Amino acid sequence: MTIWIWAIERPHRRHPSSVSKGEAFSFTELTCCAVVGENALPYMEMSLVLLKLGGSAITDKTRAATPRPDVIRQAARAIFSARGKNPDLQILLGHGSGSFGHFTAKKFGFGERDNWRAYAETGASAQRLNRLVTDIFLQEDVPVVSIQPSASARTRDGEIYALDVTNIQNALEHNLIPLIYGDVAFDDTRGMAIASTDALFAFLAPILKPTRIIYTTAVNGIYTADPNTNPDAQLIREITPQTFEQIRAHVGKAHGVDVTGGMLDKLARSVKLVKRFPSLDIFVIAAQLDAIVNSLQTESNDGTYIHS
């Protein structure tokens, strides 16, 4: 039986081990509810890292469907190296849609009423990039297993409220690396929506309880402006819920085409997570081999550090 999990609000928490079959339960600060059946996976405390390869890093977001295979390969080698140093390291990997899904969504008018051709084209474009990422990682002996978010994701007014996590948990149990990506989703109110990797991570974090989330981008962290075009852009070294409101107006916009909200959306979701989960650390770093290896092993000195 599949486990379906919804994010809901509850005034109390109970450990899943005390829940009988078929009964709803809640756990963690962002309360969740699951349907428990005979074949449901047992509840596990997992120490893992959520790592995203940003679309701006693994593609050229100024040119349609233009991957950067060297960057993807470098990231794969970084993960291979980190797992070699720490065989117990668990990773949930995700990647953005970059110049694949974003360009296609804009070209076909994704989100327009009853424009289901745009839905199909955007999903197919996201899958093409995912296939490329998957193949490169496997070539580098990194055992990724691609899991298609749109197969089970449901959104309401653009926010994910349901996603089947069974195969993600199964992959982690077998020391594999589940690989998710920015994808399309059926939406209860809008008809269709984009389920970005940032949104998927925000939904999954309360369920999987990672110790760290790492976002890699084309630049080394979050800046006050786009450092690709503005020489006065300054790196923001540290962000907390207390400082977020002061700096949000100064955060640079995404470089290239982006239909999901870009860096500001990533930052807002991250701040919300560390506020709910004070022990969670989030880093935004450059998609470079040494930076990725270091961030997977120790607290990174690179990029931007987001914490409670």
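A few points about this structure:
- Only one entry of 141, 164, 135, 188 meets the criterion of being within 16 Å of the chain's Cα centre (by Cα) and charged (D, E, K, R), and that entry is 164.
- Qualifying residue in region 197-212 (condition: open to solvent by 20 Å² or more (accessible area, probe 1.4 Å), in a strand (DSSP E or B) and within 15 Å of residue 284 (Cα to Cα)): yes
- Checking 117, 113 one by one, the residue that is over 30 Å from residue 87 (Cβ atoms) and assigned to a loop (DSSP other than H, G, I, E, B) is 113 and no other.
- Residue list for region 133-175, restricted to those being at positive phi and open to solvent by 50 Å² or more (accessible area, probe 1.4 Å): 141, 157, 175
- In this structure, residue 134 does not satisfy being assigned to a helix (DSSP H, G or I) and either in contact with a helix residue (DSSP H, G or I) (Cβ under 8 Å, 6 or more places away or on another chain) or over 23 Å from residue 204 (Cβ atoms) (or both).
- Residues of region 252-290 classified as modelled with pLDDT of 95 or more, small (Gly, Ala, Ser) and closer than 17 Å to residue 223 by Cβ, total: 3
The values are calculated or read from the model by the stated rules, or taken from the named source; none is laboratory data. All figures in this text were calculated on a predicted structure; none of them were measured in a lab. Cβ sites come from the backbone with ideal geometry, for glycine too, and all protein chains shown count toward neighbours. The protein model used for the area step is the full one, side chains on, heavy atoms only, and it has no ligands, DNA or RNA in it. Shrake-Rupley method; radii C 1.70, N 1.55, O 1.52, S 1.80 Å.
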